[in-house]
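Chemist: One structure is given below, represented as structure tokens, and several questions about it will come after.
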């Protein structure tokens with residue numbers, strides 16, 4: 001096997017070696033069992049005391065969601081104004097301007113919802129203060145919000161019949177102190193010792209070998225890059241994200257960043273099985289998600305390694321694969337692997353430019369975000385998967401003529417309705433959003449706006465359509481990567497994706513938590529011979545089939561107009 | 001609701017101190033013991049800063065090895081890829097022009113020897129590396145411009161080549177700045 005493929009294989013194996021024990025550890029942390037990090041308890045108690053929180057106060061699912069929404073609203077308002085007035089605040093060594101209202105609206109929503117769509121460029125659009133006190137702060141807290149919400153669901157399924165589901169603040173604080181912060185310190189130091197800047201110094205200047213005077217953007221980036229991956233956020237320090245040689249200096253750091261973004265999503269699945277004392281169910285879910293990963297990864301790698309057919313016709317050697325938008329130190333194989341993991345989980349950081357990947361690669365990237373639950377984002381991946389599970393339970397129940405049950409609780413009309421609505425939400429937001437964008441582009445192309453819609457697209461034809469479809473898909477999935485050729489810093493895209501982002505985040509969190517809360521308080525029915533077992537391979541395959549059928553039905557037409565049409569047009 | 005609001009407010013303030021003051025300062029402090037003191041790894045020559053090891057520079061003269069095409073002209077105040085789609089006709093024309101100019105400035109070069117990285121823009125616009133093949137195809141041009149033997153240049157390219165990580169993972173690559181510095185040192 002060549003060294004590029006070997007690098008991917010090693011990355012995936014190391015991910016599992018770290019993530020599986022981490023999952024078992026997380027199950028213990030949130031169940032309140034003894035773990036070696038218990039020496040942090042006095043520190044956490046200090047945090048609770050200063051915040052006026054009693055961590056032993058039990059909440060039901062509605063109180064959990066109220067607490068979650070309250071603190072998220074506080075961050076929205078705080079961040080909006082800090083971004084707006086960043087030019088008047090300290091720690092702005094490069095003298096960058098304040099954001100426009102629509103850009104600030106988009107940016108703050110995007111970071112609160114763990115998406116990190118960036119319509120600004122890191123070097124020129126934000127100050128060191130906003131990078132850390134707004135964006136990096138939200139990297140931590142939005143990831144902790146996702147994890148804490150998932151733990152509420154875990155709690156609901158752990159015991160036979162429950163209404164009190166623990167304390168939201170406790171889950172939130174522990175996600176940070178026991179998981180995100182310690183791992184971030186380690187990753188940030190690996191980056192800093194590999195050449196990523198970590199100090200607060202502003203732009204530097206040098207005279208190059210050929211005599212050009214060049215300015216270099218710098219800043220305390222290592223700290224932010226660590227948590228942007230660990231928390232599946234993806235919003236980077238520099239404009240080019242992890243393709244930037246200071247943000248991702250070597251193959252080693254590339255491996256570290258690829259591993260960092262996948263370990264928590266995998267660990268959460270393992271933790272689910274251990275936490276609810278149904279390890280087998282956890283492993284089956286892990287198996288389905290891993291199968292999904294490979295179904296997307298293998299064709300992506302193959303499409304990138306074969307290179308651009310139009311460039312091949314010019315007679316150029318593409319011995320390693322397609323290179324437009326990629327960095328030599330990573331190569332096409334590691335770039336393809338990255339593009340798959342960053343889209344199946346909701347990171348959205350990039351180490352190559354997705355706009356320049358091959359048409360079919362773009363197809364797999366978008367499909368990965370549409371499904372959004374093969375591992376999925378920090379915490380929310382499990383929640384998204386739960387929706388598919390409920391649908392699968394319901395359909396299987398209908399097929400064999402039994403009352404659908406999940407983990408000893410009857411699944412009835414209300415739960416199925418919630419699941420169905422959440423399933424329909426994604427296609428609605430993506431399709432309606434893209435349709436609206438296309439309408440404005442074609443019918444109001446020369447509208448008298450600051451940025452004319454006709455100049456949005458960086459590429460003509462089918463690929464231009466893909467740029468708009470990708471942007472809406474990425475917003476709905478809270479992913480944050482983009483076909484960055486799209487001119488997206490203007491009022492239409494800032495506002496429209498702002499709304500897609502916020503709906504695509506909170507409804508898919510509240511829905512699964514509500515389902516779990518409702519199921520958890522129902523009477524427990526012991527499993528019998530007549531029970532439809534959900535922890536079997538058969539049911540795992542059933543769930544995978546449901547996922548594939550639902551998404552194919554929802555998105556095939558749109559994907560056919562974009563990446564598929566481009567692919568076939570290049571064949572001729 | 002009111003209770004949650006004040007709890008949220010206080011928790012947010014505490015987390016701001018922990019995550020945005022203490023955490024980054026601790027990392028910045030430890031990073032002072034790294035090679036570049038946490039400022040990024042700058043290269044000094046005779047006390048003058050001539051660049052960063054990880055950031056590519058623009059090389060256009062025939063006596064230097066050239067890096068990859070860049071959509072920001074190697075201006076490290078920003079960073080970006082071209083974001084050109086694979087089927088974009090204008091883009092493909094641009095690639096064709098790059099091929100022609102490589103053929104023009106490197107006499108004796110055949111089309112099928114040109115590796116893809118030399119005619120496509122990098123993701124960051126600051127890629128410090130080219131492929132080994134990308135360096136090899138320039139040897140005869142640089143040899144002629146500098147009056148150095150091709151064998152000597154091949155040796156320099158070998159020295160500037162970084163093997164795969166641990167010799168196992170990822171591609172080999174040539175750091176263009178490192179290679180060109182060793183060229184300059186040779187001529188001195």
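Every read-out reported here was derived from the displayed coordinates using simple, explicitly stated rules and does not represent laboratory data. Keep in mind that this is a model prediction, so the values were computed, not measured. Using ideal geometry, Cβ is built from the backbone for each residue, glycine included, and neighbour counts are taken over all protein chains shown.
Chemist: What percent antiparallel are the DSSP beta bridges of the protein assembly as shown, to the nearest 5?
Modeler: 95 percent
Chemist: In what sequence do A:113, A:416, B:26 fall when counting other Cβ within 10 Å, fewest first?
Modeler: Lowest to highest Cβ neighbour count: B:26, A:416, A:113.
Chemist: So how much slack lies between residue A:124 and residue A:535, counting 0.36 nm per residue of separation and subtracting their Cα-Cα distance, in nm?
Modeler: Working: separation 411, 0.36 × 411 = 147.96 nm, distance 5.08 nm.
Contour length minus the Cα-Cα distance gives 142.9 nm.
Chemist: On to the next question. What value, in deg cm²/dmol to 500, does the helix sum -39500 (n - 2.57) over DSSP H runs of n ≥ 4 give at 222 nm once divided by the residues of chain A?
Modeler: -20000 deg cm²/dmol
Chemist: Got a sec? How would B:63, A:247 order by Cβ neighbour count within 10 Å, fewest to most?
Modeler: B:63, A:247
Chemist: To test your reading of the geometry: what angle, between 0 and 90 degrees and rounded to tens, separates the Cα axis of helix A:41-51 from the longest principal axis of chain A?
Modeler: 80 degrees
Chemist: Given a Förster radius of 35 Å and the C-beta distance between residue A:57 and residue A:252 as r, what FRET efficiency does 1/(1 + (r/R0)^6) yield to the nearest 0.05? Don't jump to the answer; show the numbers that get you there.
Modeler: On the way: r = 45 Å, r/R0 = 1.29.
After rounding to 0.05, the efficiency reads 0.20.
Chemist: For the range A:431-480, what does the convex hull of the Cα positions come to per residue, in cubic angstrom?
Modeler: Hull volume normalised by residue count: 83 Å³.
Chemist: For the protein assembly as shown, restrict the atom set to alpha-carbon positions and state the Rg and Dmax in Å.
Modeler: For the protein assembly as shown, the Cα radius of gyration and maximum Cα-Cα distance read 25.9, 88 Å.
Chemist: In deg cm²/dmol and to the nearest 500, what is the mean residue ellipticity at 222 nm of chain B if only DSSP H runs of at least 4 residues count, each as -39500 (n - 2.57), divided by the residue total?
Modeler: About -12500 deg cm²/dmol.
Chemist: Can you give the translational diffusion coefficient of the range B:1-40 in µm²/s, computed by Stokes-Einstein from the Kirkwood radius over Cα pairs at 10 °C and 1.306 mPa s?
Modeler: Result for D is 133 µm²/s.
Chemist: Also, I was wondering about something else. Express the relative contact order of the range B:57-187 as a whole percentage, based on alpha carbon pairs under 8 Å and six or more residues apart in sequence.
Modeler: Relative contact order comes out at 28 percent.
Chemist: I've got another one for you. Please state the equivalent ellipsoid semi-axes for the range A:249-292: what are the square roots of 5 times the Cα gyration tensor eigenvalues, largest first, in whole Å? Spell out each step's value before the answer.
Modeler: Details: eigenvalues 147, 25, 5 Å².
Equivalent ellipsoid semi-axes, largest first: 27, 11, 5 Å.
Chemist: How high is the relative contact order of chain A, in percent, counting Cα pairs under 8 Å that sit 6 or more residues apart?
Modeler: Dividing the mean separation by the residue count of chain A yields 19 percent.
Chemist: Just the Cα atoms of the range A:240-395, one point each, no solvent: what log10 I(q)/I(0) does Debye give at q = 0.09, 0.10, 0.16 Å⁻¹?
Modeler: With one equal scatterer per Cα and no solvent, log10 I(q)/I(0) is -0.32, -0.39, -0.87.
Chemist: I've got another one for you. Just report the Cα centroid separation between the range A:537-552 and the range A:53-112, whole Å.
Modeler: 37 Å
Chemist: What is the order of B:118, A:99, fewest Cβ neighbours within 10 Å to most?
Modeler: Values: B:118 23, A:99 26.
In increasing order of surrounding Cβ atoms, one gets B:118, A:99.
Chemist: Can I ask one more? Roughly how compact is the range B:57-187, stated as its Cα Rg over 2.2 N^0.38 Å to two decimals?
Modeler: The range B:57-187 yields a ratio of 1.06.
Chemist: At a threshold of 8 angstrom on Cα-Cα distance, excluding pairs fewer than six apart, so keeping six or more, what relative contact order does the range A:9-119 reach in percent?
Modeler: The value is 14 percent.
Chemist: Kindly express, to the nearest 10 degrees and within the range 0 to 90, the angle between helix A:491-520's C-alpha long axis and the longest C-alpha principal axis of chain A.
Modeler: Helix A:491-520 sits at roughly 20 degrees to that axis.
Chemist: Measure nothing but the geometry: give the 0 to 90° angle between the long axis through the Cα atoms of A:413-443 and the longest principal axis through the Cα atoms of chain A, rounded to 10°.
Modeler: That helix lies at roughly 20 degrees to the long axis.
Chemist: For the range A:369-448, what does the equivalent ellipsoid look like in terms of its semi-axes, each the square root of 5 times an eigenvalue of the Cα gyration tensor, given largest first in whole Å? Please list the in-between numbers first.
Modeler: Working: eigenvalues 258, 45, 16 Å².
For the range A:369-448, the ellipsoid semi-axes come out as 36, 15, 9 Å.
Chemist: Hey, another quick one. Enter the Cα centre distance for the pair the range A:350-375 and the range A:171-220, rounded to the nearest angstrom.
Modeler: Distance between centres, Cα-based: 27 Å.
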